[in-house]
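S.K.: I am attaching a structure below and will ask some questions about it afterwards.
The values are calculated or read from the model by the stated rules, or taken from the named source; none is laboratory data. This is a predicted model, so every value here is computed, not measured. Here Cβ is always computed from backbone atoms with ideal geometry, including for glycine, and neighbour counts include all displayed protein chains.
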Amino acid sequence: MASSIIHLAITEGVAKELNPKDISRLRLGAVLPDGVVHGNGHMKIRICDETRSTYDLEGFRERFGEKMKEDDLYLGYYLHLVQDLFYRYFVYSEYHWDPLSPGNVERLHQDYRITNDFVIQKFGLEPGMLGQVDLTGEPILSVAEYDIKELVERIWGQFVPVEDTGIFFFTREMAEEFIERATLFCLDELQRLSEGKPGLDSTAWSWERHS
């Protein structure tokens, strides 16, 4: 899905509107699903007789809805899943991404590495904004096992520019468009939840398993 740098950029946009209690925990939560070493960190499930897949937003809200209100780590984690659902719509439905052609996934990841520097500069990101947090005893560990040290160090490494060998699919313009739209998408979801309305419907945002 979207790169960790992109998740951080969206989180900064959301934070400007939210004024979170603990920005460090919000930021870590926003990238934590990418630090899984064992378990279903993205809460991916199969539905519709296993013909479709989605991220279990309802399950997350049921398990951690109260924690989301008081602990920014859980809020950031939820928003990561929301962003990934929107990202699938963005790249597959709007930009017709083909992940099945040999080598396309690797090329997309190279695009991430190239566009990261643009995102960092455009949205004012810094390595020091993401630090290691001790998760000992955290309820989120019931979802998966995470390597926080490896995750944080890996993301720090993404702040080092790489050679621009040419964009294959995911351009800088696409990155900027996605970040801006996903920020609004997240804020809309948080507004619904704050008003006691139902959150996003995971089934409505599901996708055929082969994609």
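S.K.: Could you check how many residues of segment 182-211 are assigned to a helix (DSSP H, G or I) and either more than 28 Å from N104 (Cβ to Cβ) or acidic (D, E) (or both)? Don't jump to the end; show me each part of the working.
M.R.: Residues of segment 182-211 assigned to a helix (DSSP H, G or I): 182-194.
Still in the list and also either more than 28 Å from N104 (Cβ to Cβ) or acidic (D, E) (or both): 184, 187-194.
Looking only at that region, the number is 9.
S.K.: Here are E58, E70, E62, E17: which of them is among the acidic types (D, E) and under 27 Å from W156 (Cβ atoms)? Don't jump to the end; show me each part of the working.
M.R.: Values: E58 fails: under 27 Å from W156 (Cβ atoms); E70 fails: under 27 Å from W156 (Cβ atoms); E62 fails: under 27 Å from W156 (Cβ atoms).
Residue meeting the stated conditions: E17.
S.K.: If you don't mind, another one. Scan segment 171-181 and tell me whether some residue there is part of a helix (DSSP H, G or I), buried (at least 16 other Cβ atoms within 10 Å of the Cβ) and out of contact with any Phe, Trp or Tyr (no Cβ under 9 Å at 6 or more places or on another chain).
M.R.: No, because not a single residue in segment 171-181 is part of a helix (DSSP H, G or I), buried (at least 16 other Cβ atoms within 10 Å of the Cβ) and out of contact with any Phe, Trp or Tyr (no Cβ under 9 Å at 6 or more places or on another chain).
S.K.: Just to be sure before I move on: is V133 under 18 Å from D84 (Cα atoms), touching a residue at least 40 places away in the same chain (Cβ under 8 Å) and surrounded by 15 or more Cβ atoms within 10 Å (Cβ to Cβ) in the structure I sent? Break it down stepwise before answering.
M.R.: Numbers: under 18 Å from D84 (Cα atoms): no; touching a residue at least 40 places away in the same chain (Cβ under 8 Å): yes; surrounded by 15 or more Cβ atoms within 10 Å (Cβ to Cβ): yes.
No.
S.K.: Would you mind stating whether D111 is acidic (D, E), buried (at least 19 other Cβ atoms within 10 Å of the Cβ) and more than 16 Å from the chain's Cα centre (by Cα)? Give the steps one after another, and end with the answer.
M.R.: Values: acidic (D, E): yes; buried (at least 19 other Cβ atoms within 10 Å of the Cβ): yes; more than 16 Å from the chain's Cα centre (by Cα): yes.
In short, yes.
S.K.: If a residue has to be surrounded by 15 or more Cβ atoms within 10 Å (Cβ to Cβ) and among the aliphatic types (A, V, I, L, M) to count, how many in segment 154-170 make the cut?
M.R.: Qualifying residue count for the region: 2.
S.K.: Further question on the same structure: Is there any pair linking a residue in segment 11-32 that is closer than 14 Å to Y74 by Cβ to one that is of a type in the set (F, W, Y) and crowded, with 20+ Cβ neighbours inside 10 Å, with Cβ under 9 Å and at least six apart or on different chains, and which?
M.R.: From segment 11-32, the pairs are R25/Y74; L28/Y77; G29/Y74; G29/Y77; G29/Y78; A30/Y77; L32/Y77; L32/Y146.
S.K.: What residue, among those in segment 121-170 that are closer than 22 Å to A15 by Cα, of a type in the set (A, V, I, L, M, F, W, C) and part of a loop (DSSP other than H, G, I, E, B), is modelled with the lowest pLDDT?
M.R.: Among them, the one singled out is V133.
S.K.: Consider K122 carefully, then state whether it is basic (K, R), over 16 Å from the mean Cα position of the chain (by Cα) and closer than 17 Å to P33 by Cα.
M.R.: On the way: basic (K, R): yes; over 16 Å from the mean Cα position of the chain (by Cα): yes; closer than 17 Å to P33 by Cα: no.
So K122 does not fit the description; no.
S.K.: Only one of L18, L32 is hydrophobic (A, V, I, L, M, F, W, C) and buried (at least 23 other Cβ atoms within 10 Å of the Cβ); which?
M.R.: On the way: L18 fails: buried (at least 23 other Cβ atoms within 10 Å of the Cβ).
Residue meeting the stated conditions: L32.
S.K.: In addition: Starting from residues that are surrounded by fewer than 12 Cβ atoms within 10 Å (Cβ to Cβ) and of a type in the set (G, A, S), keep the ones in segment 182-211 and report whichever is nearest to A2 (Cα to Cα).
M.R.: Selected residue: A204.
S.K.: Just need a number here: residues in segment 142-160 that are more than 18 Å from the chain's Cα centre (by Cα) and of a type outside the set (G, A, S).
M.R.: 2
S.K.: Restricting the search to segment 38-78, which residues are surrounded by fewer than 18 Cβ atoms within 10 Å (Cβ to Cβ), in contact with a Lys or Arg (Cβ under 8 Å, 6 or more places away or on another chain) and within 17 Å of C186 (Cα to Cα)?
M.R.: Selection gives D56 alone.
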